[in-house]
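S.K.: Below is one structure. I have some questions about it.
The values are calculated or read from the model by the stated rules, or taken from the named source; none is laboratory data. What you see is a predicted model, and the numbers here were worked out from it, not measured in a lab. Positions of Cβ are generated from backbone atoms using ideal geometry, with glycine treated the same way; all protein chains shown enter the neighbour counts.
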Amino acid sequence: MPPPVFRFAPSPNGFLHLGHARSALLNFDLARQSGGRLLLRIEDIDATRCRPEYEQAIYDDLAWLDIVWEQPVRRQSEHLPLYSEAVERLTRDGLLYPAFESRGEIARLVGEKERAGAWPRDPDGAPLYPGTGRTLPDDERDRNLQAATPYALRLDMDAAIARAGPLSWTELGAGPQGETGTVPARPEQWGDVILARKDTPTSYHLSVAIDDALQGVTHVVRGHDLFWATGVHRLLQSLLGLPQPLYRHHALVLDETGRKLSKSTQSTALRELRAGGATPADVRRLVGINLL
């Protein structure tokens with residue numbers, strides 16, 4: 001039997017913090033303990049936010065933590081045509097549609113829905129897509145496409161679930177409410193998710209499902225914040241005929257207010273801890289991971 005394959009997949013849109021350290025160290029330790037392999041993937045599809053200096057900082061931080069990974073490193077920006085092929089396949093299957101509303105227009109539509117009553121939100125708290133892209137008349141859709149109007153390609157969630165049928169995943173860890181073992185997938189929680197845009201041929205959900213399969217990842221170890229997103233990934237794996245890895249979700253590292261650490265809120269970066277005299281052992285202690 002081939003060895004298990006783990007991966008750590010950060011985005012170079014900021015400096016790594018203690019939350020990233022917990023995930024990276026867990027993947028490294030579990031790979032080493034099981035005689036498996038650790039891959040590093042750079043998820044850099046967001047060209048507006050990802051920067052070379054952040055990517056280099058990822059390598060520097062992981063090396064400082066004594067984490068060793070296989071070469072070569074996979075960079076998503078180098079494989080965009082591959083994701084486009086999956087988008088074309090899902091489009092041919094009648095599962096994707098273009099939605100032309102701007103973010104401002106969607107916010108206005110959400111406001112109208114909420115004034116009329118409760119409107120559903122996804123597990124991250126964002127309102128589900130309230131637009132009419134799925135039912136837009138063909139002639140209006142064609143006019144927008146010919147006019148090069150910006151659009152997002154959304155998954156027709158109802159049609160996708162009808163095609164895939166009931167799905168689940170094997171959880172080796174535990175979810176936010178203690179979910180473990182066989183967990184029913186609930187992709188409908190996310191509504192008609194975006195899988196690509198006019199100027200970007202993929203999204204996080206699509207590229208992560210494809211990359212995990214192509215890299216032979218057998219164990220996905222990541223934080224609780226992505227627990228329910230697994231439902232979308234299982235759906236895409238089913239629709240695209242991709243293998244299903246095992247999953248292990250871990251608790252997040254929280255700040256003093258009880259919020260998860262985030263690049264956007266300027267959580268203390270590993271490079272700052274290192275500059276302040278911290279050691280890799282200190283980081284392991286701070287994130288609650290002992291050497292295996």
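S.K.: Looking at the range 99-132, which of its residues are closer than 18 Å to Ala196 by Cβ and either part of a helix (DSSP H, G or I) or touching a strand residue (DSSP E or B) at 6+ places or on another chain (Cβ under 6 Å) (or both)?
M.R.: Once the filter is applied, which keeps residues that are closer than 18 Å to Ala196 by Cβ and either part of a helix (DSSP H, G or I) or touching a strand residue (DSSP E or B) at 6+ places or on another chain (Cβ under 6 Å) (or both), the range 99-132 yields Ala99, Arg103, Ile106, Gly131.
S.K.: Of (1) within 25 Å of Val253 (Cα to Cα); (2) out of contact with any strand residue (DSSP E or B) (no Cβ under 8 Å at 6 or more places or on another chain); (3) of a type in the set (A, V, I, L, M, F, W, C), Met1 satisfies all except one. Which?
M.R.: Checking Met1 against (1) within 25 Å of Val253 (Cα to Cα); (2) out of contact with any strand residue (DSSP E or B) (no Cβ under 8 Å at 6 or more places or on another chain); (3) of a type in the set (A, V, I, L, M, F, W, C), the one that fails is (1).
S.K.: Being among the polar types (S, T, N, Q), closer than 15 Å to Val217 by Cβ and modelled with pLDDT of 95 or more narrows it down to one of Ser23, Ser11, so name that one.
M.R.: When all the criteria are applied, what remains is Ser23.
S.K.: Hey, Leu240 hits all of (1) touching a residue at least 60 places away in the same chain (Cβ under 8 Å); (2) crowded, with 17+ Cβ neighbours inside 10 Å but one; which does it fall short on?
M.R.: (2)
S.K.: Determine which single condition Val220 fails, assuming it passes every other condition in (1) over 22 Å from Ser84 (Cβ atoms); (2) part of a helix (DSSP H, G or I).
M.R.: The number of the failed condition is (2).
S.K.: Also, I was wondering about something else. Pairs only if they're at least six apart or on different chains, beta carbon under 8 angstrom, first in the range 180-194 and free of Cβ contacts under 8 Å to residues at least 12 places away in the same chain, second surrounded by fewer than 21 Cβ atoms within 10 Å (Cβ to Cβ) and assigned to a strand (DSSP E or B); list them, first residue then second.
M.R.: What qualifies is Thr180/Glu171; Gly181/Thr170; Gly181/Glu171.
Table: residues versus (1) at pLDDT 95 or above; (2) hydroxyl-bearing (Ser, Thr, Tyr); (3) within 16 Å of the chain's Cα centre (by Cα).
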residue	(1), (2), (3)
Ser168	yes, yes, no
Val183	yes, no, no
Lys198	no, no, no
His219	yes, no, yes
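S.K.: Which residue, of Ala213, Ala209, Ala152, is in contact with a strand residue (DSSP E or B) (Cβ under 8 Å, 6 or more places away or on another chain), in contact (Cβ under 8 Å) with a residue 24 or more places away in the chain and of a type outside the set (Phe, Trp, Tyr)?
M.R.: The unique qualifying residue is Ala152.
S.K.: If you don't mind, another one. Can you tell which of Arg49, Arg75 is among the charged types (D, E, K, R), modelled with pLDDT under 95 and surrounded by fewer than 20 Cβ atoms within 10 Å (Cβ to Cβ)?
M.R.: Step by step, each of Arg49, Arg75 is checked, and only Arg49 is among the charged types (D, E, K, R), modelled with pLDDT under 95 and surrounded by fewer than 20 Cβ atoms within 10 Å (Cβ to Cβ).
S.K.: I would also like to ask the following. Suppose we filter the range 13-35 for residues that are in a loop (DSSP other than H, G, I, E, B) and either touching a strand residue (DSSP E or B) at 6+ places or on another chain (Cβ under 6 Å) or free of Cβ contacts under 8 Å to residues at least 24 places away in the same chain (or both); how many remain?
M.R.: The total comes to 1.
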